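Colleague: Dropping a structure here in structure tokens format, bear with me for questions.
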Amino acid sequence: MKKILKKVCGLLSFAIALNTLTSGVNSSTSVVNAVGTIKGDVNCDGIVSGVDALSMRKYLLGQDELDHRAQMNSDIDGNGKINIVDMILITEMLISNTGETTTTTTSESDNTVITTSDQTVTSEVTTAMSEQETQPLTTTAPDQTTEEVTTTPKQTTTKVTTTPTQTTTAKVTTTPKQIPADTPNPLDDKLKASIFKLVNEEREKNGSKPVNLDITLSYVADIRAAELSDFFDIDRPDGSSYKSLLREYGLNFFNIHHYVMAGHTSASSVLNVMLKRGAFLDNCFTKIGIGYYDDGGYFAIIFT
């Protein structure tokens, strides 16, 4: 709007200068009745001149106000609005009127147009002229190309995969120890054979079944008797249970009973000690192992 107005002002300056030079003979003069409207007479002095164009310019720029009559005179194209088109039309009026004088009297009651020259100016003609003359003043802004460049910062993503530490508990299978192939039969030992005989006799008196003398169990009992010479206790010298010795040789039993003795040299004395704790008479036992270490008379007798 302001760019168009600026160009119009340039044209207006030319028109005012031209109108001023010919104002003595070429001013547009109109005679109206009390309620008449003179198109272009912005300052309502009865003459359309460069002063009217300047007054309209100030109004459009917001520098001045117009009363009701001045607004009616300023609405040259009759569309009910005062805008840049009216500014163009008043400029054209000033330029065209430099060659001849036109007096126009308009009656609001009958809209009669009276002309004193060969040129007739009506609102319809004015509107058509505005459409034609405004086209050259249209300002087209040069094409502008706006390119939006979005720069995305380079991002480096490092994927770190952490493998949780896994603790694997290996199941260690221990192969049971085997007794030597030349291990003697316990029944070949007179002392062990005598103890075995007395035990079964007492079990028979108690109504229990006889137990069998086991070679492997007797071999382990001999080891246990030798340990008693170093550490006389129900547990082994290293503090572990005597059952750990049995497990080393693959002997795992649910029912088990263990006797340890020291200072004995006869089967009867050993039996008397076991009778004090008659657990061996229980019918749940089926095997016996007899171990003997003669240096100190240590005995280890195991029932399973």
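Colleague: Take the residues in segment 197-209 that are in contact with a Phe, Trp or Tyr (Cβ under 9 Å, 6 or more places away or on another chain) and part of a helix (DSSP H, G or I), then tell me which one is surrounded by the fewest Cβ atoms within 10 Å (Cβ to Cβ).
Modeller: Top of the filtered list is GLU202.
Colleague: Now a separate question. Report yes if PHE280 is assigned to a loop (DSSP other than H, G, I, E, B) and open to solvent by less than 40 Å² (accessible area, probe 1.4 Å), otherwise no.
Modeller: Considered against the rule, which asks whether it is assigned to a loop (DSSP other than H, G, I, E, B) and open to solvent by less than 40 Å² (accessible area, probe 1.4 Å), PHE280 comes out as no.
Colleague: Another one. Hey, among ASN33, ASN83, which residue is of a type in the set (S, T, N, Q) and modelled with pLDDT of 90 or more?
Modeller: Exactly one of ASN33, ASN83 is of a type in the set (S, T, N, Q) and modelled with pLDDT of 90 or more, namely ASN83.
Colleague: Take the residues in segment 210-250 that are among the polar types (S, T, N, Q) and modelled with pLDDT of 95 or more; name whichever of them is surrounded by the most Cβ atoms within 10 Å (Cβ to Cβ).
Modeller: Among those residues, the one meeting the criterion is SER218.
Colleague: Can you name every residue in segment 246-269 that is under 18 Å from ILE223 (Cβ atoms) and part of a loop (DSSP other than H, G, I, E, B)?
Modeller: Of everything in segment 246-269, those that are under 18 Å from ILE223 (Cβ atoms) and part of a loop (DSSP other than H, G, I, E, B) turn out to be TYR249, GLY250, LEU251, ASN252, PHE253, ILE256, ALA262.
Colleague: What is the residue count in segment 184-196 for residues that are surrounded by 15 or more Cβ atoms within 10 Å (Cβ to Cβ) and assigned to a helix (DSSP H, G or I)?
Modeller: Going through segment 184-196 one residue at a time, the tally reaches 7.
The values are calculated or read from the model by the stated rules, or taken from the named source; none is laboratory data. Computed from a predicted model, the values in this text were never measured in an experiment. We place every Cβ from the backbone using ideal geometry, glycine too, and count neighbours over all the protein chains shown. Note: areas computed on protein heavy atoms with side chains; ligands, DNA, RNA excluded. Shrake-Rupley method; radii C 1.70, N 1.55, O 1.52, S 1.80 Å.
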